[in-house]
Amino acid sequence: MGSGARKSNRKIPSRSWSRLGDEALLDLRMSDLGLSVDRPPLKRRVRRLYEELAHRGLAFRPHVWLSSEWFSPDGVPGIAIPFYLAHPRLAKLEQRRMLEVEGGSDTQCSRILRHEAGHCIGTAYRLHRRKKWRQLFGSFSTPYPQYYDPKPGSRGFVLHLDWWYAQAHPAEDFAETFAVWLTPNSRWRTRYRGWPALRKLEYVDELMTEIAGTTAPVRSRRRVEPLDQLHTTLREHYRRKRLYYADEWPEFYDTDLRKLFSDDARHARQPTAASFLRGVRPQIRDAVARWTGTHTYTVDQVLRDMIDRCMELKLRLAVPQRRAKADAMMMVTVQTMNFLNTGRRKVAL
């Protein structure tokens, strides 16, 4: 929280600030937003998570609250959900300030909720104390790194959240494995057949069968850093957040993208670079993966980043589509190899 910030008890109705411009909105304190998790579509998304847990026979339900970011606190089996998911005006602000809205869609939000539920289950039942848990996932007490070095070709970890997040830490490995297990119709036994990660999934399946219907020994309902106690302004919040991710600001592809595409007004009638890349994405992804021997998932991540950056730079086609496709194929190949050689990923806030 901001040092020396004056506390405020006022709650401003959303109708009063939802029409403000960004600059005025940024001057509001987070505690003044007057929001709760009982707003659509967030309430529906949380209810869906509870239904998935019930379908698996689990009696445990993590409590949820609004905060600054996604997290599940140590020792508390609950989920903090970022405030911007509670109101579309704040989601738009998040998009403009951070270039993405983490958990903004139904699909992505459900993925993250399942992941955080994995942390909660582990905390609630103290699963990391078990010998087999440590043998399969590693030591829970391992310090969290600021960066981790993912190995995209590894089959020792499941694939759920982006950037091979299961490889960030043993606790993330378990949470990701649980999330894959919980996902409806994931067919994890078939998808991970022959992968060492299957042993982890089978262990999670055994654990959940064991604890199904039982009461969790850790039942704290404490809320850590709840929104109504965060007296930092939105401006200060985003200043800190952007500073944290400053070295990952998306300029990695800019030089190559500008060689292939253009933001010159002369090309205003041409298709956008983002729509062009989306159209050729499957062909490029499969070809580059085949030529480089790289996991298809890796190439897809590079393409997704490029598409997002093309949208941000407002680039359009500047050459015939056939030539653009050939050049894009070469560019993605080079950038995929660059990514594999310099692919450190920052652990999420």
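Computed values, structure above
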read-out: Extreme residue, nearest to GLU225 (Cα to Cα), among residues of the range 55-69 that are in a strand (DSSP E or B) and not hydrophobic (A, V, I, L, M, F, W, C); value: SER67
read-out: Flag if ARG223 is outside the structural domain of ASP300 (by TED's automatic domain parsing), buried (at least 18 other Cβ atoms within 10 Å of the Cβ), modelled with pLDDT of 95 or more and assigned to a loop (DSSP other than H, G, I, E, B); value: yes
read-out: Some residue of the range 43-52 being loosely packed, with under 12 Cβ neighbours inside 10 Å, modelled with pLDDT under 95 and among the basic types (Lys, Arg); value: no
read-out: Any pair with Cβ under 6 angstrom, 6 or more apart, that starts in the range 186-211 at a residue that is in the same structural domain as ARG155 (by TED's automatic domain parsing) and ends at one that is β-branched (Val, Ile, Thr) and assigned to a loop (DSSP other than H, G, I, E, B); value: ALA197/VAL158
read-out: Members of the range 254-272 found to be aliphatic (A, V, I, L, M) and over 28 Å from the mean Cα position of the chain (by Cα), listed by number; value: LEU260, ALA265, ALA268
read-out: Identity of the residue in the range 241-253, out of contact with any helix residue (DSSP H, G or I) (no Cβ under 6 Å at 6 or more places or on another chain) and surrounded by 14 or more Cβ atoms within 10 Å (Cβ to Cβ), that ends up modelled with the highest pLDDT; value: LYS241
read-out: Qualifying residue in the range 231-242 (condition: assigned to a loop (DSSP other than H, G, I, E, B), of a type outside the set (Phe, Trp, Tyr) and in contact (Cβ under 8 Å) with a residue 12 or more places away in the chain); value: yes
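Here is a yes/no grid of residues against (1) of a type in the set (Ser, Thr, Tyr); (2) part of a helix (DSSP H, G or I):
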site: PHE276; (1), (2): no, yes
site: VAL280; (1), (2): no, yes
site: ILE284; (1), (2): no, yes
site: ALA289; (1), (2): no, yes
site: THR294; (1), (2): yes, no
site: TYR297; (1), (2): yes, yes
site: GLN301; (1), (2): no, yes
site: MET306; (1), (2): no, yes
site: CYS310; (1), (2): no, yes
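The values are calculated or read from the model by the stated rules, or taken from the named source; none is laboratory data. No experiment lies behind these values; they were computed from the predicted model shown. Positions of Cβ are backbone-derived with ideal geometry, glycine not excepted, and every protein chain shown enters the neighbour counts.
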